[in-house]
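Novice: Sending over a structure as structure tokens; questions will come in a sec.
The values are calculated or read from the model by the stated rules, or taken from the named source; none is laboratory data. Treat the numbers as computed from the prediction; the structure is a model and nothing was measured. Glycine gets a Cβ as well: all are built from the backbone with ideal geometry, and neighbour counts include every protein chain shown. We work out accessible area using only protein heavy atoms, side chains counted, and drop any ligands, DNA or RNA first. Shrake-Rupley method; radii C 1.70, N 1.55, O 1.52, S 1.80 Å.
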Amino acid sequence: MNRLPRLPGAPAVPPRVTPVIPRIRGNDYSVLTPPEIGAWTPDMRVSVVVPACDGQEKLDLTLAGLADQSYPAELVEVVVVGDGSEPPVRLPEIRHVNTRLIVCETRGLAGARDAGLRAARGDVVHWLDSDVVLDRVAIEAHMRWHHLAPYLAVTGDLRSTAASPAPPEVAMAGDRAKLFEPAEPDAWVVDLVERTDGLRSAAHDAFRLYTGESTSVDAMLLKAVGSADGGFVLGLDTAMGYRLSEAGAVFVPEPVATAYRLGSSTRRQETSGGRDGQESVPDHVPHHRSLRTHPNRQWLVPYVEVETDVTGASYEDVRTVVDAVLAGTIPDVSVVLRGPWDELEDERGTPPGDLALVRRHYAAEPRVRLGGRPGLAPFVLRLPSGWVPGEDGLAQLTDLMTERGLGLVSVFLAEQPDGIVAARMERTAAFARAEMLAEDGEDLDGVVTEIYGSMWVDPESYGLLPAVDATVPDDRRTTYRQQQERSVLQGEVARLTKELARLTKEAEGLKGKVTEAREEAKRWRTQAVQLRREVGALRKQVTALKQGHGLTRITRSGLRRIRSLLRDQSHGKQAGDGQE
């Protein structure tokens, strides 16, 4: 890793010897074993960037929380970015020894973070909101991960609290939980982390955890991703998390790095379907398929980009390929046509050539670009010249990759004397990470196979044909998606049918119990009639006894009979209650 200038006052540190970078498969960071807190010696520098706009009292608490961290002070700098507050924010007396204040001329969170990133001199940038107080070991908990791999985004355990202690209390507290607990985590974060085994099994949406409230990222990775888009009301963190994921980042939740949010959460409302988040997130985050429900509209970042080389191809073949892609069942798609576009001359007065016709034909089609490279789309299909995907081909290939978490799917098309002709569906995040991990001369495909997996498929299953054999549909059809929806509905019908059968069986059983109960009730009524008769006879005998007609008419057998009837009725009643 390239070294950056030392922080002011920091002792000279010998250059780090970067070990072999661990290769993490998907987002399963289990191959990394961070050291125990306080049981290791760090040497990487961290810049804590704190954008601040108003809220001086909360900022004072945030900076007091940074004043006494367990991470070595000489390896920490704190950059507070003033963002147009009136009156301007100031640095309080209680703060980290390496704290400085800069002023951002551009209003807004995105501009403040960009200014802080430019000013940061650490190996790692730790974003921290000005209303969040870190536990004393939080920075150390973050940094122990970054010493293991240079492509991690580590997020602390954010918890909302109503507490508001004084800055001196925060700075001197060894256990800040005593000051800020009880505190509540965000329910959606708890759900995401728990159902994905700590994000280890999160195939392509681990980036949702990313938040500028308390997340640390390798500085070089952040700078490679580029500046954040400033046009968000909400959703900036989600969009930046997505861009980091496409650059190959692995996202790690760190429960030891507790961060206390002073008040309730407002930054991440887009995760719960808030209107402000939906306004911009779908344009920037193709993985949020549920927010891209319109069947035909286009988005800023497509879901799939198709790249094909049209050098030497006929106008007719290029049209067949491009029109088939645009008419497929994935509407948010774009096409990159590679070719010698800069060499085309002005052909006014002469019949235009094939490429000139292609340029004219697609001049007004925003989904087709002449030259350049694919952008931020999560999937890129590299298609050999003259081959046409079926209308469901892109949908089927992307579904295969998402279901199996693959980084590369190759489609065998033909075998020629100079080698195999194949189409390739590539996962952008997989190849970005492979470029970071590959040693000199190492095959990228092999690295992708190691960290994501790959497979070969046949062209027939995905409708890939030579252009001469292909036909372009006249309008958009949705056969494949309808089949998927039908399959889901059929599964639901099967589930409900099974449930109905179970309930019917239970009803039959209950019907039998009702019949038994009725028979038992009939028997009880018969016994009750007999009992009343016996009791009537007994009353007559008692009356006779009282009148002096003699004792002999009351027999012992009569009494035994009455007792027997009473016992039978009592036992029958208990048995009936048990059946119920």
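Novice: Roughly how large, in nm² to one decimal, is the mean projection of the convex hull of the alpha-carbon atoms in the stretch 44-278? Don't skip to the answer; put the middle values down first.
Specialist: Values: hull surface 46.6 nm².
Taking a quarter of the hull surface, the average projection is 11.6 nm².
Novice: Still on this structure, I have one more. Work out how far the C-alpha atoms of the stretch 344-410 reach from end to end along every principal axis, then list the three figures in whole Å, largest first.
Specialist: Reported extents, whole Å, longest axis first: 54, 24, 19.
Novice: Further question: So, in nm, how far is label ASP342 from label MET455 when the simple model puts each one 7 Å beyond its Cα toward the Cβ?
Specialist: According to this spin-label approximation, the distance is 4.1 nm.
Novice: Still on this structure: Can you list the aspartates and glutamates whose alpha carbon is less than 12 Å from that of LYS223, not counting same-chain residues fewer than 8 positions off?
Specialist: Straight-distance partners of LYS223: ASP114, ASP123.
Novice: Per residue, how big is the convex hull around the C-alpha atoms of the stretch 379-447? Give it to me in cubic angstrom, could you?
Specialist: Numbers: hull volume 7.0 nm³, N = 69.
Taking the convex hull of the Cα positions in the stretch 379-447, it is 101 Å³ per residue.
Novice: Right, another one. What is the sum of charges, Lys and Arg at +1 and Asp and Glu at -1, for the other residues whose Cβ falls under 9 Å from the Cβ of GLY371?
Specialist: Working: positive: ARG338, ARG369, ARG373; negative: ASP342.
Summing Lys/Arg as +1 and Asp/Glu as -1 gives +2.
Novice: Here's a follow-up. Cα extents of the stretch 304-473 along the three principal axes, largest first, in whole Å?
Specialist: 55, 36, 36
Novice: If you count only protein heavy atoms with a 1.4 Å probe, what accessible area per residue comes out for the stretch 359-409, rounded to a whole Å²?
Specialist: That works out to 42 Å² for each residue.
Novice: How much accessible area per residue does the stretch 44-278 have, counting only protein heavy atoms and a probe of 1.4 Å, in square angstrom?
Specialist: Details: 8450 Å² over 235 residues.
Spelled out: the 1.4 Å probe surface of the stretch 44-278, per residue, equals 36 Å².
Novice: Given points 7 Å out from each Cα along the Cα-Cβ axis, report the VAL256 to GLN56 separation in nanometres with one decimal.
Specialist: 3.8 nm
Novice: Could you compute how much accessible surface MET455 exposes when probed at 1.4 Å, giving the result in Å² to the nearest 10?
Specialist: Per-residue accessible area (MET455): approximately 50 Å².
Novice: If we count every other residue with Cβ under 14 angstrom of HIS142's Cβ, Lys/Arg +1 and Asp/Glu -1, where does the sum land? Before the final figure, lay out each step's value.
Specialist: Details: positive: ARG45, ARG136, ARG144; negative: ASP123, ASP135, GLU140, ASP157, GLU213, ASP218, GLU254.
Net local charge, HIS142 excluded: -4.
Novice: Put GLU77, GLU343 in order of accessible area, largest first, 1.4 Å probe: what do you get?
Specialist: Values: GLU77 5, GLU343 140 Å².
Highest to lowest solvent-accessible surface, that is GLU343, GLU77.
Novice: In whole Hz, with x marking every Gly and Pro, tabulate ³J(HN,Hα) for the stretch 132-143 from phi via Karplus 6.51 cos²θ - 1.76 cosθ + 1.60, θ = phi - 60°.
Specialist: 10, 10, 7, 5, 4, 9, 4, 4, 4, 5, 5, 5
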